[in-house]
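Visitor: One structure, as structure tokens, below. Some questions next.
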Amino acid sequence: LRGEIVRISLVPLLALWVCGAGLVSAQAAVTAVSAAPVAARVGLGSGASFSVNWNVTTSAAGAVTLSSARGELRTPAGALLATVGQPLSRAASGPAAVAFSETVFVPADAIHRAHKEGFDRLLYQRSFTDGVAASGQVTLAIVTQRAADFGLSRLQLGFDDGRPLRIAARGDKLKAQAEIGYAGGGILKGAWEIAGPNPDADKPAWRALANVTEALTGADTAILASPLLPTDIGGPYLVRLRVDEPAARFDLAPIRYVVGEKQP
Amino acid sequence: MAWAAAPADWKPELLAQAKDARGPSEPLRVALPPLDAEAVRRLSFELDDIDITGMVAVQGNQAVFTPPQPLAFGRHQLRLVEQAADGNILERGVWTFEVRKTAAFREAQLAAATTLSAARRIADDGLPPTAPGRNNLNGAAQLQGRLADAGWRATGQLDLLFNSNGALLPRGADHGHIDMADFLLTAEAGPVVARAGHHAAGPDNLIMNGFRRRGVSAGLRSADTGAAATVFSQRTQEVIGFNEGLGIGDAGNRVDGVVVSGRPVASHRDALVLSVTYLAGEGPVYAGLPGTGIAGDTTITGGRAADIVADANLLERRLRLRGEYAATRYDFDGNGRDIDLDGAIDSNQEPERDRAYAALLTYTPWHDKRVDDKPFVWNLGFENRRVGTFFRSPANPAGVSDRHLLRGFTGVNWSGLDAQLSLGRETDNVNDLSLLPRTATRLGMFSVNYTPNPNLQPQPDGSLPPFPWYGRPNFNAAYIDMNQDVEKAGAGLATGASSATRSLALTASFTYSTWSWFLNHTLGRYDNFISLQADTNSRLTQLNANLRLGERLTLMPMLQHSEVEERDPPAGFAAKDTITTTAGLSLGYVFSPRLYANLGVNTNRQKASDDSQDLRSRNYLGSISWTAVQAQGARAGVTFSLEGQYYDAEDRVLVTNNQNSYQVFLKTTVAWLPTF
């Protein structure tokens, strides 16, 4: 079913003309919004990340900006469960089909409320506009954590003693570790990366220490250890686990260590 | 020297210390009567029941013991005995003395490990506009202190960071140039223990696991009965740096609780341990503040939880029985959610109650069994763990709910061989909710580890022979097999096979006297039979080595190659393959104890067959350092360094990631490692 158009909300042109109060050309309209995938599975009891590609078609001629202010999680009956406040916007030359990609985090309480209200699914909807709006949606089936699509629910980085910041001495053997909460199963792809000493905090020059290709199964918590971190040159360093797949909505922030001296 | 004969009942005397407190390195002086050489030879000295006679010098009419290493603070016993000519042992003197730092405190120490570096970038090219300024000052300090006297002890630990570029500190820019990592203050007085700072207040169990947070705790423990009680109050959300004080000021972001444990069988303290935990709290359980490295759901939740554990060791510790029961009341949206982002709470759900239990049995038939004159250990066990669908605790953010696991396992250890086998079945939807499907998963894990012990007999000169050509090897194989089926249909899932995962990891390492190497190959296969995800095959090969060539050169090369192939993608998606290769070399050379150099080379290549990823990078990092003054005691050390970094990244998909730059720094580092 992926790639199909699931729902197109075409607003009558007359109503658009009234609502637009003359600001919008009569020819300009988002005529179709499709989502891929059209359906995903989220687990009851925990938050879930999923990725969606929106394909938005506009009939507007010439330069046009397509935008969506927010996404909405709703029950099939239409009750609002939560709002995803990340805007999407892209300039295009119409008429055209414009692609948007986003990764959405569905909070656990939104899934829980839909379930308690007697639904086995919830809907993620987005309305796109170039002056005239249309919307599309993804159906999120509520299943168990094990049956859910592969996705991260939580990531905790720390060093081998669990602390998120370490002062190490030159030559120390130091490793980081990641505690990963996830739903479903699949192959996690990513890399352990460091930047430093004394990196650019705004745009760190990340260098990969080791790839991560790990089969995660069982909708559980996995612990991955990094290779030995460099401690031969003094100064502050940043460490992160870059996750390529599955996508995670939340910010995978780095942790820090400083190489200094220690008591003999 | 001519000695007059001492009376038969002579008494030695331990002379008083020179100052008001006896220090750890202060010589012990015992006044003796005039004794002839034969009588002196018959004397023996024991310090804390260790014979120190060989380290005692007789100077005039004193026997002097100068500790080769500082004595520990606290009470010690010195004993002087004489083996009389008739063979009898005569105890001439026993003294108990206390080693103290000062008259006021038995122990008082403050140790600091402080490093401060000033760096100036003297050359660069290609740096992004966001690059920090040419000059940087950064440092770190680890402070540790302790005070103690009879019956009480206080310790403290604090890590501090400094950086002229505040963005490199845990909380980021706009929070000043000095920050704190974490701290812990501990005070003990008799049976009372109090802590403030980052610590874990209780044992791991179903409702509190890995919960190391900033907060306070106070407890009582009885050395006689083994009973203990601890009350604690800790911040729910992980925090770092100079904010949130002790972490307990926000009632909406705090977990309060109590842990009580006891050993009710007085005659066998280890036979049964009972532990009860109760806690209540709210806050963003699954996400941390910036700099803590924790990311997840930021929703504020809340709940209460109680847990009881009984852990018994029976049959001379051959049989262990552990049972645990827990109940929770968890509110998935805490005080409610602002569902339309208008700043007002629009929805507030009722809390969910649920429960969990876990039972574990392990049996070790023998403790001292030997086969072929080598120790043989065999154990087996069974586990039954059920965790309800809505079982959640604010102090167990990584806890997994909605599982019912039945598992059997066994392990053998003999002659360097260790084998473990585990077989189990796990189901979900344990609360039997009508809207949910149920899956059943068969779990199989087998691992074997073998470390042969070579029979290295000492050579005639007493030295050990060199390792054989293969060094001292270690071999490990681990296999995991999981098959998941949908057992009960629901939410669009039909019954039948759902997914299968297999993983095989083979590792070999070889260790020699000055070098070692390691090889690993891991195969993974994931099959999804419901076609909402692609099937995947993965292969990962790693080679690492650590070589010391002579006394000066160390080399650490590494190579890692992975391939991930997708098969049978869902409709509308194309399968892609991803190939990643990383290679690195770390080199260290010591010209002299004060002059040394390091070089790190790293290259990475990542390519996806659908061109969604096409990245290559090369990095060089090198330094040469000269220590002008070695840090020692209260004397600061000074090191001058020349450092260079070269970074070349080419991302053919996200071209904004491209960077080709180098920078060279001159750096002066001052290290100060005093102990007071």
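Visitor: Any chance region A:18-37 includes a residue that's within 14 Å of another protein chain (Cβ to nearest Cβ) and modelled with pLDDT under 90?
Guide: yes
Visitor: Let me ask something else about it. Could you list, in sequence order, the residues of region B:35-87 that are assigned to a loop (DSSP other than H, G, I, E, B) and charged (D, E, K, R)? Walk me through it before giving the result.
Guide: Step one: of region B:35-87, the residues assigned to a loop (DSSP other than H, G, I, E, B) are B:35-36, B:42, B:48-49, B:52, B:60-61, B:66-73, B:84-87.
Result: B:D36, B:R42, B:D48, B:D49, B:D86.
Visitor: Can you confirm whether B:E383 is under 17 Å from A:D220 (Cβ atoms) and touching a Ser or Thr at 6+ places or on another chain (Cβ under 6 Å)?
Guide: Values: under 17 Å from A:D220 (Cβ atoms): yes; touching a Ser or Thr at 6+ places or on another chain (Cβ under 6 Å): no.
So B:E383 fails the test.
Visitor: Still on this model: So which strands (runs of 3 or more DSSP E) are wholly in region B:250-303 and hold at least 2 residues that are surrounded by fewer than 16 Cβ atoms within 10 Å (Cβ to Cβ) and among the hydroxyl-bearing types (S, T, Y)?
Guide: none
Visitor: Is it the case that B:G215 is at pLDDT 90 or above and in contact with a Phe, Trp or Tyr (Cβ under 7 Å, 6 or more places away or on another chain)? Don't jump to the end; show me each part of the working.
Guide: Numbers: at pLDDT 90 or above: yes; in contact with a Phe, Trp or Tyr (Cβ under 7 Å, 6 or more places away or on another chain): yes.
Here the answer is yes, as B:G215 does meet what is asked.
Visitor: Only residues that are in a strand (DSSP E or B), within 27 Å of B:V400 (Cβ to Cβ) and in contact (Cβ under 8 Å) with a residue 40 or more places away in the chain: list them for region B:314-347, please.
Guide: Residues satisfying the conditions are B:R320, B:L321, B:E324, B:A326, B:T328, B:Y330, B:D331.
Visitor: In region B:568-578, how many are facing another protein chain (nearest Cβ under 10 Å) and part of a strand (DSSP E or B)?
Guide: The number of residues fulfilling the criteria is 1.
Visitor: So A:I223 fits all but one of (1) among the β-branched types (V, I, T); (2) touching a Ser or Thr at 6+ places or on another chain (Cβ under 8 Å); (3) surrounded by fewer than 21 Cβ atoms within 10 Å (Cβ to Cβ); what number is the exception?
Guide: So A:I223 meets the others, but not (2).
Visitor: Let me ask something else about it. Restricting to region B:431-489, give me the number of residues that are touching a residue at least 40 places away in the same chain (Cβ under 8 Å) and either assigned to a strand (DSSP E or B) or aliphatic (A, V, I, L, M) (or both).
Guide: Of the residues in region B:431-489, 17 are touching a residue at least 40 places away in the same chain (Cβ under 8 Å) and either assigned to a strand (DSSP E or B) or aliphatic (A, V, I, L, M) (or both).
Visitor: Also, quick follow-up: Scan B:G492, B:G471, B:G496 and give me the residue that is away from every other protein chain (no Cβ under 13 Å) and either touching a Phe, Trp or Tyr at 6+ places or on another chain (Cβ under 8 Å) or surrounded by fewer than 18 Cβ atoms within 10 Å (Cβ to Cβ) (or both). Lay out the reasoning, then the answer.
Guide: Values: B:G492 fails: away from every other protein chain (no Cβ under 13 Å); B:G496 fails: away from every other protein chain (no Cβ under 13 Å).
Testing whether each residue is away from every other protein chain (no Cβ under 13 Å) and either touching a Phe, Trp or Tyr at 6+ places or on another chain (Cβ under 8 Å) or surrounded by fewer than 18 Cβ atoms within 10 Å (Cβ to Cβ) (or both) leaves just B:G471.
Visitor: Could you look through region A:203-235, keep only residues that are under 22 Å from B:G296 (Cα atoms) and of a type in the set (D, E), and pick out the one that is modelled with the highest pLDDT?
Guide: So, considering only residues that are under 22 Å from B:G296 (Cα atoms) and of a type in the set (D, E), the one modelled with the highest pLDDT is A:E214.
Visitor: Can you pull out every residue in region B:174-197 that is in contact with a strand residue (DSSP E or B) (Cβ under 8 Å, 6 or more places away or on another chain) and assigned to a loop (DSSP other than H, G, I, E, B)?
Guide: Of all residues in region B:174-197, those in contact with a strand residue (DSSP E or B) (Cβ under 8 Å, 6 or more places away or on another chain) come to B:177-197.
Those that are in contact with a strand residue (DSSP E or B) (Cβ under 8 Å, 6 or more places away or on another chain) and assigned to a loop (DSSP other than H, G, I, E, B): B:H177, B:G190, B:P191.
Visitor: Do any strands (runs of 3 or more DSSP E) entirely within region A:205-264 hold 1 or more residues that are farther than 27 Å from B:Q663 by Cβ and facing chain B (nearest Cβ under 7 Å), and if so, which? I'd like the intermediate steps shown before the answer.
Guide: On the way: elements: A:207-216, A:221-225, A:235-245, A:255-260.
Output list reads A:207-216, A:221-225.
Visitor: Looking at A:A191, A:A178, which one is of a type in the set (A, V, I, L, M, F, W, C), farther than 19 Å from B:P170 by Cβ and modelled with pLDDT of 90 or more?
Guide: Among A:A191, A:A178, only A:A191 is of a type in the set (A, V, I, L, M, F, W, C), farther than 19 Å from B:P170 by Cβ and modelled with pLDDT of 90 or more.
Visitor: Filter region B:395-418 down to the residues that are in a loop (DSSP other than H, G, I, E, B) and within 14 Å of another protein chain (Cβ to nearest Cβ), then identify the one that is nearest to B:R442 (Cα to Cα).
Guide: B:D402
Visitor: Looking at A:T139, A:T129, which one is within 11 Å of chain B (Cβ to nearest Cβ) and more than 30 Å from B:T115 (Cβ to Cβ)?
Guide: Numbers: A:T129 fails: within 11 Å of chain B (Cβ to nearest Cβ).
Going through A:T139, A:T129 in turn, just one is within 11 Å of chain B (Cβ to nearest Cβ) and more than 30 Å from B:T115 (Cβ to Cβ): A:T139.
Visitor: Next question, about the same structure. Do you know which residues across region A:142-161 are more than 7 Å from chain B (Cβ to nearest Cβ), among the hydrophobic types (A, V, I, L, M, F, W, C) and over 23 Å from B:S499 (Cβ atoms)?
Guide: Restricting attention to region A:142-161, the residues satisfying the condition of being more than 7 Å from chain B (Cβ to nearest Cβ) are A:148, A:151-152, A:159-161.
Adding the requirement that they be among the hydrophobic types (A, V, I, L, M, F, W, C) leaves A:148, A:152, A:159.
Once the filter is applied, which keeps residues that are more than 7 Å from chain B (Cβ to nearest Cβ), among the hydrophobic types (A, V, I, L, M, F, W, C) and over 23 Å from B:S499 (Cβ atoms), region A:142-161 yields only A:F159.
Visitor: Looking at A:L123, A:L155, which one is modelled with pLDDT of 95 or more and not acidic (D, E)? Give the derivation first.
Guide: On the way: A:L155 fails: modelled with pLDDT of 95 or more.
So the residue among A:L123, A:L155 that is modelled with pLDDT of 95 or more and not acidic (D, E) is A:L123.
Visitor: Would you mind stating whether A:A169 is surrounded by fewer than 24 Cβ atoms within 10 Å (Cβ to Cβ), touching a strand residue (DSSP E or B) at 6+ places or on another chain (Cβ under 7 Å) and aliphatic (A, V, I, L, M)?
Guide: When the stated conditions are applied, A:A169 passes them.
Visitor: Still on this structure: Within region B:560-584, how many residues are over 27 Å from the mean Cα position of the chain (by Cα), surrounded by 15 or more Cβ atoms within 10 Å (Cβ to Cβ) and farther than 23 Å from B:A500 by Cβ?
Guide: Selection size over region B:560-584: 6.
Visitor: Anything in region B:70-96 that is of a type in the set (S, T, N, Q) and either within 16 Å of B:E46 (Cα to Cα) or in contact with a Cys (Cβ under 9 Å, 6 or more places away or on another chain) (or both)? List them, or say none.
Guide: B:Q77, B:Q83, B:T96
Visitor: Does A:F50 qualify as being assigned to a strand (DSSP E or B), of a type outside the set (S, T, Y) and more than 14 Å from chain B (Cβ to nearest Cβ)?
Guide: no
Visitor: Restricting attention to region A:73-102, which residues are under 18 Å from A:A141 (Cβ atoms) and either under 18 Å from the mean Cα position of the chain (by Cα) or aromatic (F, W, Y) (or both)?
Guide: A:L73, A:A82
Visitor: Would you pick out the residues in region B:502-552 that are in contact with a Ser or Thr (Cβ under 6 Å, 6 or more places away or on another chain), within 9 Å of chain A (Cβ to nearest Cβ) and under 21 Å from B:T580 (Cβ atoms)?
Guide: Scanning region B:502-552 gives B:G524, B:Y526, B:S538, B:L540.
Visitor: For region B:333-356, name all the residues that are surrounded by 19 or more Cβ atoms within 10 Å (Cβ to Cβ) and either more than 9 Å from every other protein chain (Cβ to nearest Cβ) or modelled with pLDDT of 90 or more (or both).
Guide: Within region B:333-356, the first condition is being surrounded by 19 or more Cβ atoms within 10 Å (Cβ to Cβ), and the residues that meet it are B:333-334, B:337, B:339, B:352, B:354, B:356.
Of everything in region B:333-356, those that are surrounded by 19 or more Cβ atoms within 10 Å (Cβ to Cβ) and either more than 9 Å from every other protein chain (Cβ to nearest Cβ) or modelled with pLDDT of 90 or more (or both) turn out to be B:E352, B:D354, B:A356.
Visitor: Can I ask one more? Would you confirm, using the coordinates I've provided, whether B:G176 is more than 11 Å from chain A (Cβ to nearest Cβ) and buried (at least 16 other Cβ atoms within 10 Å of the Cβ)?
Guide: Criteria not met by B:G176.
Visitor: May I ask you to say which residue of B:W469, B:W515 is farther than 24 Å from B:K576 by Cα and in contact with a strand residue (DSSP E or B) (Cβ under 6 Å, 6 or more places away or on another chain)?
Guide: On the way: B:W469 fails: in contact with a strand residue (DSSP E or B) (Cβ under 6 Å, 6 or more places away or on another chain).
Within the list B:W469, B:W515, the selection yields B:W515.
Visitor: For region B:399-436, enumerate the residues that are hydroxyl-bearing (S, T, Y) and under 20 Å from B:R385 (Cα atoms).
Guide: The answer is B:S401, B:T410, B:S422, B:T427.
The values are calculated or read from the model by the stated rules, or taken from the named source; none is laboratory data. Quantities reported herein were computed from a predicted structural model and do not represent experimental measurements. Note that we place each Cβ from the backbone using ideal geometry, even for glycine, and neighbour counts take in every protein chain shown.
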